[in-house]
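This report refers to the structure that appears directly beneath it.
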Amino acid sequence: MIDILDQQIKKGAEIIKNGGIVAFPTETVYGLGANAFDEQAIRKIFEIKGRPQDNPLIVHISRKDDIYIVATNIPQKAFELIENFWPGPLTLVMKKNPVVPDVVSAGLDTVAVRMPAHPVALKLIDYVGFPIAAPSANPSGKPSPTKPEHIKMYFGDKVFVIEGQCQLGIESTVIDITSDPPVVLRPGGLELEKIKDVLGNIIEFSSEKLSEKPKSPGVKYTHYKPDLFLILLRKRDDIEKISSFIKDHTRMIFVMTYDFDVSFQNQFRQKFYSLQVDFIFAGSDEREIAKNLFDILITKTTGYDLMIFEGVNEQGIGKGIMNRLKKAADVIV
Ligand code: TXA
Ligand code: MG
């Protein structure tokens, strides 16, 4: 690892050891981390994010065996998942070891744990010498950051940022392993198909049917909202259905997925000839689209009052992408 980066990681570790918070890259998205055992530091995370007090944080560890520091009563199925997918974009909700402060778990008797697959994150945790509790590094309700410049846009110089790249671009898959069969609390960077191959049966929790008391507090809040009106267009052929929403807006950006078909663009321009419309390409497959998703929602909104984002197939990480887009959208057609 290059020296400058190592210096940054060391500086970040010092800040965390002194009770501060640091933005650091993981393979999914940027995290905003503090020492998981430092209650005061954890409170700073909630404060700077404007995060509701009842929404718990994920605890990040750098070695598999460190789960014993934060969790107890770990079921066999957890070990099977860990063996197959850690380090990686999989978060496991397990019984909390009572030594983990209640602020981290927002008072729940469970704790969410993950070992990230990013050398910078792993090194930071090692230098700190404690597990790091970290939510995504965005103000509550905003899209998750995947680049250092997103954090600067959100927080200015208020948090120290360690440089890095987030390869995947969407957050980890969260599984509640205290239930049998285990329950998917959030689809994400690890494909559910792969988890099913290991565990057999899992229950998919539908975030669209919100119950009075959701199993994962995070699912009940507004999320990922960009700074303009967002339409999620499941199928390109359905543009008739969005005409009524489009006419209230004048400056549009159309985010295309899978192919950047110019004849479609011309047709669309002709149909809405009185309006300004620009087209951008999110990517030709789900991996590329996931990587670009939050950057588009954060940085490609400037100068527009409407974004139309084309949907993707709801399989593999496409499921995670659509979960984020459905939450971000004002209208889904
Ligand atoms: O990829 C990721 O998971 C990123 C990186 C930084 O690791 N982190 C992340 O954290 O996305 P956050 O806080 O934005 O999302 C964590 C989700 C929330 O929906 C939260 O409600 C849920 O995990 N969660 C955390 N602890 C939980 C628990 N004990 N029981 C149920 N859900 C929990
Ligand atoms: Mg988040």
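The values are calculated or read from the model by the stated rules, or taken from the named source; none is laboratory data. Just so you know, these numbers come straight off a predicted model, no measurement behind them. Cβ placement follows ideal geometry from the backbone for every residue including glycine, while neighbour counts extend to all protein chains displayed.
Of all residue pairs spaced 6 or more apart or on separate chains, those with beta-carbon atoms under 9 Å, a first member in segment 126-138 that is more than 14 Å from His223 (Cβ to Cβ) and in a helix (DSSP H, G or I) and a second member that is at pLDDT 95 or above and within 16 Å of ligand 2 (Cβ to nearest atom) are Val128/Gly33. Among the conditions (1) crowded, with 21+ Cβ neighbours inside 10 Å; (2) part of a helix (DSSP H, G or I), Ile69 misses just one, which is (1). Inspect segment 274-290 for any residue being more than 29 Å from Glu149 (Cα to Cα) and at pLDDT below 95 and give the result as yes or no. Yes: segment 274-290 contains one or more residues that are more than 29 Å from Glu149 (Cα to Cα) and at pLDDT below 95.
Please count how many residues of segment 46-73 are at positive phi and touching a strand residue (DSSP E or B) at 6+ places or on another chain (Cβ under 6 Å).
Initial filter on segment 46-73 (at positive phi): 50, 73.
Adding the requirement that they be touching a strand residue (DSSP E or B) at 6+ places or on another chain (Cβ under 6 Å) leaves 73.
Here the count works out to 1.
Residues that are at pLDDT 95 or above, surrounded by 22 or more Cβ atoms within 10 Å (Cβ to Cβ) and within 22 Å of Lys10 (Cα to Cα) are absent from segment 183-191 altogether.
For Val120, the conditions (1) away from ligand 2 (no atom under 16 Å from the Cβ); (2) part of a loop (DSSP other than H, G, I, E, B) are fulfilled apart from (2).
Here is the figure for segment 10-27: residues that are more than 16 Å from ligand 1 (Cβ to nearest atom) and buried (at least 17 other Cβ atoms within 10 Å of the Cβ) total 3.
When Ile253 is tested against (1) touching a Lys or Arg at 6+ places or on another chain (Cβ under 8 Å); (2) within 29 Å of Val184 (Cβ to Cβ), exactly one condition is not met: (2).
For segment 163-202, filtered to residues that are assigned to a helix (DSSP H, G or I) and among the basic types (Lys, Arg), the residue that is nearest to ligand 2 (Cβ to nearest atom) is Lys194. List pairs: first in segment 76-92 and in the same structural domain as Asp65 (by TED's automatic domain parsing) and in a strand (DSSP E or B), second within 16 Å of ligand 2 (Cβ to nearest atom) and of a type in the set (Asp, Glu), Cβ under 9 Å, 6+ apart or cross-chain? Pairs that qualify, where the first residue is in the same structural domain as Asp65 (by TED's automatic domain parsing) and in a strand (DSSP E or B) and the partner is within 16 Å of ligand 2 (Cβ to nearest atom) and of a type in the set (Asp, Glu), are Thr91/Glu171. Among the residues of segment 28-43, the one identified as charged (D, E, K, R) and crowded, with 17+ Cβ neighbours inside 10 Å is Asp38.
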